[in-house]
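A short write-up of the structure that comes next.
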Amino acid sequence: MSKITRRTFSATVGASVAATGLIAPALAQEPKRGGTLVATWGGGEPQACYVPSGGGSSPTFSSSKLFERLGSRKMTGEFVGELAESWKPAADYKSYAVKIRKGVKFHDGKEMTVADVVYSIDEIWKKYAAAAAMTDYAGAESPDADTVIIKFAKPVPEFFFASLLSGNVNYIVPKHVYAGSDPVTNPANNAPIGTGPWKFKEWVRGSHFEYVRNDAYWRQGLPYMDKLIIRYVRDPAGRAAAMEAGEIQIGVFNPVAPPDIKRLTGTGKFVATPKGYEEAVWSTSLECNTRNPIFAKREVRQAMFYAVDRGLIAKTVYYGYARPGTSPIFSPNKEFFTPDTFSTQYDPKKAAALLDGAGFPKKADGKRFTLNLLSAGWFAENGKIGAIVKQGLEDIGVGINLTVPDRPTSIKRIYTDYDFDLAISNQANPSEPVPSTTQYYTSDGIKKGVPFRNASGFHSDEVDALVEKIKVEIDPAKRKALVVEFQKITTREAPNLPLLELETITLASAKVQNHSNDPNYLAASWHDIWLAS
Amino acid sequence: MAGVIASSSRRVAALNLLRRRLVQAVPLMLGVVVINFVLIHLAPGSFLELMTAENQVSDPATVELLRKTYGMEDPLWLQLGKYIWALLHLDFGFSYRQNMPVIQAITINLPATLLLMISSITLAFAVGVAAGVVASMKVRTFWDSLVSVAAMFFFAAPSFWLGIMMIVLFAVKLGWLPVGGMATIGGGGGIFDILHHLILPTLALGLFYAAIYARVMRSSMLEVAQLDFVRTARAKGLSRNQVTLHHVLRNALLPVVTILGVQMGTVLAGSVVIESVFSWPGVGSLLFDSVSSRNYPVVLGIMVLGSLVVIAANIAVDLLYMWLDPRIEIR
Amino acid sequence: MDFLSRFSRNRGALVGALVILLVALIAVLAPVFFPTDPLRIVGPPELWPGDDPDFLLGTDSLGRDILAMIVHGARATLLIGLFASAVATLIGVTVGATAGYFGGWVDEASMRAAELFQTIPNLIFVLTIVVILGSTLHNIVIAIGIVSWTPIARMTRAEFLALRDREFVQACRSMGMGDLGIIMGEILPNALPPVIVLSSLVVAGAILFESAVSFLGLGDPNVASWGRLVGDGRQLIRSSWYICAIPGVAIMITVLCLNLIGDGLNDALNPKLRDR
């Protein structure tokens, strides 16, 4: 059986993409109005349509079609206003004046006002959606009906502020629906009322969401289509069968297995693209629990990474849809990524030498020491990666006990009990490094019981001070220099680094137009998508 | 023999049986609830921890509020007591993960599982009994051996593997049947569409039991055929087939019916695996998800209802047994 | 010898016994034929059987040798089957013996307990236990043992009920032998034959349970189990369905032979219960 290499994949995708003219900037056709679009994604049904704290990719996918944010980022990288028209920092950068768009209505007909904006920021963002990012938040007020002033205790860089306005689930929710209730259990979360291009119609549990066009949407003439249906199919083979039969037109976030991607694009009727995930790059990471005295020396931690054949993982586990990670900041991040970091790419001899030098020679039985490797079982791939990491480490004389627990056990063991020596986990981070990326390396990121923070126990005064500077540095060039410094230090210290950056694919019928045109397409509102005949 | 006992006293006996069984069911259900409650709370990673983790809640006040909301502030024995009390009012609790009452979460998925179970049992019974009868009537011939070999094959083959092999053959290679799911996505959903999707899962689940019933039916038929009353009937001049159908069959069915009742629990359990193989949207998938996410109320609800199904099936089987052979008095 | 001759009269049982002996031999000799860890990646992924003489049964999605995993899997499979059956037999015989011998409320309580364990759907129970205790080999063995003891208990109880009032037992009692002595020394040896038949069937059942648990992804990740192989191959049934097919055939043959042995044991130990 032939293997899929990156080269063949790119060639195939490139050919089919070019054939449909998808990447052509100017649309040759006039958008067709009407029709129903059926979409799916590579995961399962959410627990609620909207989860105020995010709740993961599934509710983000379902709720982002109904709600909107103050700002959004375009594929070109610039931030534009959505429910905000514009924003301006004060001279000391400790507050921003946001001009709110007029004439926007919620799905129940009520006008969106500054009261809704202030409520959303105070009650939803601060408490649930963006709690980690808003530690220095100092309040919001509306001096007039068009403006909201957002205040901070310390200066806030523009990039950070714009990212906050465009955050995954930093929506503007209707105050009249949520005020006075517990946002987490409010029943509106299962039939949300937002300002988005799509209105909630029905949720058939275990099957699909049905959304209809918002006729009063503030973007005139949009959306083009009548209905958007989000279908949930349990397994990838079922999704592939459904797409092949034309029952589903677009699937985001790796809806089908790589062999099926190749097969379907080979028919010419489908297009696969890695675009649309630049602001939500996923990675698979390896984390060392520095509480174990074996990991006291950075050389030992580095050795762990040197022992892993990332190319093999990319090839056999991800079928080539992954590239080795080199920094906690991911390579598509134009603002901050630097290739000039400490490299720990596959070099087993170096790994063995480092362990010898650190005082862990091979004993009589060939083993230096034994570690518990926990591979978080929320992705099927992680079990296989665990096997490969185990093999690589055993080859250099490190004994490994591998466990692949389910999601709740993994979360508890990694982030509450710290019951692991090595852990394989995943992250999806936006371009703005604070706090999503930095919280894995700072002392204040060590929060027992809160997942996706610093579980390695790593703390360094140098890094803490550096991150504090990054938080308040206004000048973009200086800020980048600081983040470059951050990357150099963290890759050298190697407490927790990405093994691979994953390539996420959207698969769509060639008839679907205007898709994958947002750097976080899963969380975009799909207001301009249409289906050619 | 069958008409000897007056039908009214049969009815009385049946009602007595029903009453006795229902009374016995109560401590049984209690035992089931307690065991499951203890089990699910032994699991590392409580529901509260999972929900706070997923909601990224670190504020201690909010955690306490959630603990109250999820009813977890009480000591365990009190939680158990409250749960049992609610059960008696047919309140299975609230599933916070799905934001709906547990009973609603289960009843959404229940019809699919019941459909699969009923069709599998029907297939198993029909095919198994027919094969057993044929084998017993043509004992030690080619047909007998064929049935025996087929029964052995289907008894030993793991059901999930059988399901996958059938998918490979009938869905992937031949394209005759769908790969999975209960209905075609985006349209379909008509009765024939569902039946089309039902074929492979039913075969995968049912053939195992068909094999058992075939073997049991065969030996039962052979055994009954040697009994006195059959010889009497033959002596009276009834044809072999008439004897078989009226006398032997009815009595030979008894062991099969017994096994059917005993195995109701395993059929339900087996459907968990089959639902996974075929992406069948039934209770099995819900159970699997709920165990994985420590969704206690749903797991308890499913276990309790599953046990109820088993108890109900056993009662039905006992009644059926009594009807088939009124000589037998069931304790 | 009488037992052996009765056993071997059943051709099927003989074949079954020989095959199982072969499987056991392979399991024992696994480290000799395949000394490296079968879970190691040793070749290109998804090679079909016959593509490469080094990998007679092909490779899986990661590039592991399927033949090596089958051979090592035989060990795990037989061990699990034997130990789970042992656990179930231990529990079942204990419960059944005390229930049948002492009668009264002990009997009532034991039978209620047995009914309780029979009411909870067994695989669901096993899955819950495995998720709770963790996916290690010994947890799986315990879980399977816990759901499999009831038929053994019933059988033991029935035997004890039949035997406890026999003359030889009464004689022992009048000689002053204690209860434990009578149970262990006198009744149990006579009650064992049907129990042994049942235990052998429990071995087969345990193997099917373990393969289902591993198939669903809850098996021990450090063990090359046949069921796990089938589960791993699910994503690839379109292109590489041999990954699912081969281990399933192995499971089927093993279970089949165990059933044949069970039939043979039944013939040999209970001649009066044969159906012909």
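The values are calculated or read from the model by the stated rules, or taken from the named source; none is laboratory data. Quantities reported herein were computed from a predicted structural model and do not represent experimental measurements. Ideal geometry is used to build each Cβ from the backbone, glycine not excepted, and the neighbour counts take in all protein chains shown.
At-a-glance table
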{"read-out": "Residue list for the range A:207-226, filter: under 26 Å from A:GLU85 (Cα atoms), polar (S, T, N, Q) and crowded, with 19+ Cβ neighbours inside 10 Å", "value": "A:ASN214"}
{"read-out": "Verdict on B:LEU116 being closer than 27 Å to C:ALA250 by Cβ and assigned to a helix (DSSP H, G or I)", "value": "no"}
{"read-out": "Enumeration of residues in the range A:125-135 that are under 20 Å from A:THR147 (Cβ atoms) and either among the aliphatic types (A, V, I, L, M) or in contact with a helix residue (DSSP H, G or I) (Cβ under 9 Å, 6 or more places away or on another chain) (or both)", "value": "A:TRP125, A:MET134"}
{"read-out": "2 or more residues within 14 Å of chain B (Cβ to nearest Cβ) and in contact with an Asp or Glu (Cβ under 7 Å, 6 or more places away or on another chain): qualifying strands (runs of 3 or more DSSP E) within the range A:129-231", "value": "A:227-231"}
{"read-out": "Subset of the range A:486-526 [more than 21 Å from the chain's Cα centre (by Cα) and over 24 Å from A:PRO324 (Cβ atoms)]", "value": "A:SER509, A:ALA510, A:LYS511, A:VAL512, A:GLN513, A:ASN514"}
{"read-out": "Failed item, numbered, when B:ILE167 is tested on (1) buried (at least 16 other Cβ atoms within 10 Å of the Cβ); (2) more than 11 Å from chain C (Cβ to nearest Cβ)", "value": "(2)"}
{"read-out": "Members of the range C:217-233 that are free of Cβ contacts under 8 Å to residues at least 60 places away in the same chain and surrounded by fewer than 23 Cβ atoms within 10 Å (Cβ to Cβ)", "value": "C:GLY217"}
{"read-out": "Given (1) away from chain B (no Cβ under 12 Å); (2) part of a loop (DSSP other than H, G, I, E, B); (3) surrounded by 18 or more Cβ atoms within 10 Å (Cβ to Cβ), number of the condition A:TYR119 does not satisfy", "value": "(2)"}
{"read-out": "So A:ILE248, is it assigned to a loop (DSSP other than H, G, I, E, B), buried (at least 21 other Cβ atoms within 10 Å of the Cβ), touching a strand residue (DSSP E or B) at 6+ places or on another chain (Cβ under 6 Å) and modelled with pLDDT under 95", "value": "yes"}
{"read-out": "Long-range neighbours under 6 Å by Cβ, at least six apart or interchain, first residue under 23 Å from A:ILE329 (Cβ atoms) and in contact (Cβ under 8 Å) with a residue 24 or more places away in the chain within the range A:281-310, second in a strand (DSSP E or B) and among the aromatic types (Phe, Trp, Tyr)", "value": "none"}
{"read-out": "Inter-residue pairs, beta-carbon under 9 Å, first free of Cβ contacts under 8 Å to residues at least 40 places away in the same chain and within 11 Å of chain B (Cβ to nearest Cβ) and in the range C:250-269, second in a helix (DSSP H, G or I) and crowded, with 22+ Cβ neighbours inside 10 Å, 6+ apart", "value": "C:MET252/B:ALA156; C:MET252/B:TRP161; C:MET252/B:LEU162"}
{"read-out": "Residue match in the range C:109-116 (condition: within 9 Å of another protein chain (Cβ to nearest Cβ), in a helix (DSSP H, G or I), touching a helix residue (DSSP H, G or I) at 6+ places or on another chain (Cβ under 7 Å) and closer than 30 Å to C:GLY73 by Cβ)", "value": "no"}
{"read-out": "Total residues in the range C:117-135, condition in contact with an Asp or Glu (Cβ under 7 Å, 6 or more places away or on another chain) and part of a helix (DSSP H, G or I)", "value": "1"}
{"read-out": "Matching residues, the range A:43-77, being farther than 19 Å from A:PRO430 by Cα, surrounded by fewer than 21 Cβ atoms within 10 Å (Cβ to Cβ) and at pLDDT 90 or above", "value": "none"}
{"read-out": "Given (1) within 21 Å of A:ILE474 (Cα to Cα); (2) in contact with a Leu (Cβ under 8 Å, 6 or more places away or on another chain); (3) assigned to a loop (DSSP other than H, G, I, E, B), index of the condition A:ASP92 fails", "value": "(2)"}
{"read-out": "Filter result for C:ALA17 (surrounded by 13 or more Cβ atoms within 10 Å (Cβ to Cβ), closer than 25 Å to A:LYS384 by Cα and touching a residue at least 60 places away in the same chain (Cβ under 8 Å))", "value": "no"}
{"read-out": "Helices (runs of 4 or more DSSP H) (entirely within the range A:344-417) containing at least 2 residues that are away from chain B (no Cβ under 14 Å) and modelled with pLDDT of 90 or more", "value": "A:348-357, A:380-395"}
{"read-out": "Looking only at the range B:172-193, and only at residues there that are touching a helix residue (DSSP H, G or I) at 6+ places or on another chain (Cβ under 7 Å) and at pLDDT 85 or above, the one that is farthest from the other protein chains (Cβ to nearest Cβ)", "value": "B:TRP176"}
{"read-out": "Candidate set: the range A:446-465, residues that are out of contact with any Ser or Thr (no Cβ under 6 Å at 6 or more places or on another chain) and farther than 14 Å from A:ILE414 by Cα; chosen: the one surrounded by the fewest Cβ atoms within 10 Å (Cβ to Cβ)", "value": "A:ASP461"}
{"read-out": "Which numbered condition A:LEU393 fails, given (1) more than 17 Å from A:PHE305 (Cα to Cα); (2) buried (at least 21 other Cβ atoms within 10 Å of the Cβ)", "value": "(1)"}
{"read-out": "Scope the range C:91-105; condition in a helix (DSSP H, G or I) and small (Gly, Ala, Ser); matching residues", "value": "C:GLY92, C:GLY96, C:ALA97, C:ALA99, C:GLY100, C:GLY104"}
{"read-out": "Residues located in the range C:32-46, provided they are in contact (Cβ under 8 Å) with a residue 24 or more places away in the chain and surrounded by fewer than 13 Cβ atoms within 10 Å (Cβ to Cβ)", "value": "C:PHE33, C:THR36"}
{"read-out": "Restricting the range C:53-69 to residues that are within 12 Å of chain A (Cβ to nearest Cβ) and in a loop (DSSP other than H, G, I, E, B), the residue that is farthest from A:GLY392 (Cα to Cα)", "value": "C:GLY58"}
{"read-out": "Yes/no for C:ARG238 being closer than 30 Å to C:PRO49 by Cα, among the basic types (Lys, Arg) and not in a helix (DSSP H, G or I)", "value": "yes"}
{"read-out": "Exclusive hit being buried (at least 24 other Cβ atoms within 10 Å of the Cβ) and modelled with pLDDT of 85 or more, set B:LEU162, B:LEU205", "value": "B:LEU205"}
{"read-out": "Of all residues making up the range A:232-247, the number that are at the interface with chain B (Cβ under 7 Å from one of its Cβ atoms) and not hydrophobic (A, V, I, L, M, F, W, C)", "value": "4"}
{"read-out": "Given (1) surrounded by fewer than 23 Cβ atoms within 10 Å (Cβ to Cβ); (2) more than 29 Å from C:LEU229 (Cβ to Cβ), number of the condition A:GLU381 does not satisfy", "value": "(2)"}
{"read-out": "Of residues in the range A:440-452 being over 21 Å from A:TYR277 (Cβ atoms) and in contact (Cβ under 8 Å) with a residue 40 or more places away in the chain, the one nearest to the other protein chains (Cβ to nearest Cβ)", "value": "A:PRO451"}
